[in-house]
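Report on the following structure.
The values are calculated or read from the model by the stated rules, or taken from the named source; none is laboratory data. Note that the coordinates shown come from a computational prediction; the quantities given were computed from them, not determined experimentally. Virtual Cβ from ideal backbone geometry, glycine too; neighbours counted across all protein chains shown. Quick note on the areas: whole protein, heavy atoms, side chains included, nothing else; ligands and nucleic acids left out. Shrake-Rupley method; radii C 1.70, N 1.55, O 1.52, S 1.80 Å.
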Amino acid sequence: MSRFRSVEIDPGVVRQLMKGNRKAQEVVYRAYANAVYTLARRILNDANLAEEVTQDTFVDVIRAAHKLERPESLGAWLRTTAVNHCLMRLRSPWHKRREALPEDDRAANGANESVDDGTDRTMDIEQALGALPSNARLVVWLHCVEGYTHDEIGRSFGRTASFSKSQLARALKALAQHTGVSDGQPTTSATACAL
């Protein structure tokens, strides 16, 4: 489940945000910062880039809050802004060169940091997602966690829904192989998203 959907914020606070009220900006930041960071961390597989995306997302939202038409659409707008910042980083030549580095060099540069939360898991989701190419990781996260449709994901990439579907199918196959869950049967997005 998306962390954005679990955030509840008073529409009056959002209206104050739209007027430029500093206290409202702080309340909105505190309410959504973790959700933005988590989204960016999972998509980009890098804590430092996730912090940058979080900062850039809130800078954009605070600057353009007066353009928000309805207070109840704040969460969706924040999520879309964060996803767009992630996409910009994934498309950057710097990121593409970085992904081409051997695994050891990426680890030395701060990528693929794993967070030990103390739980005993049969599958390390962060590691499995980190093994996917960035576009596939983004599609899996947007579809399975954030609830985006294939049409929405395709549009985000400037492509069709078929692009999203094929990226998801390949990613789910790779995740199933990584986790050893594959039983030879085709994996549907509904069952794989529950992995």
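Within the shell of other residues whose beta carbon sits under 15 angstrom from the beta carbon of residue 62, the net charge comes to +4, with Lys and Arg scored +1 and Asp and Glu -1.
Work out the FRET efficiency for residue 149 and residue 173 from their Cβ-Cβ distance, taking R0 = 25 Å, and round it to the nearest 0.05. The computed FRET efficiency comes out at 0.75.
Net charge near residue 163, counting Lys/Arg +1 and Asp/Glu -1 over other residues with Cβ under 13 Å of its Cβ? Neighbourhood net charge equals +2.
Protein heavy-atom surface of the range 1-58, 1.4 angstrom probe: 44% of the accessible area is carbon and sulfur, with nucleic acids and ligands not counted.
Would you mind getting me the FRET efficiency between residue 67 and residue 30? Use the beta-carbon distance for r and R0 = 22 Å, nearest 0.05.
0.50
Would you work out if the range 1-56 is rounded, prolate or oblate? Take a ≥ b ≥ c from the square roots of the eigenvalues of the alpha-carbon gyration tensor; rounded if a/c is under 1.5, else prolate when a/b is larger than b/c, oblate otherwise. Taking the square roots of the gyration eigenvalues as a ≥ b ≥ c, the range 1-56 is oblate.
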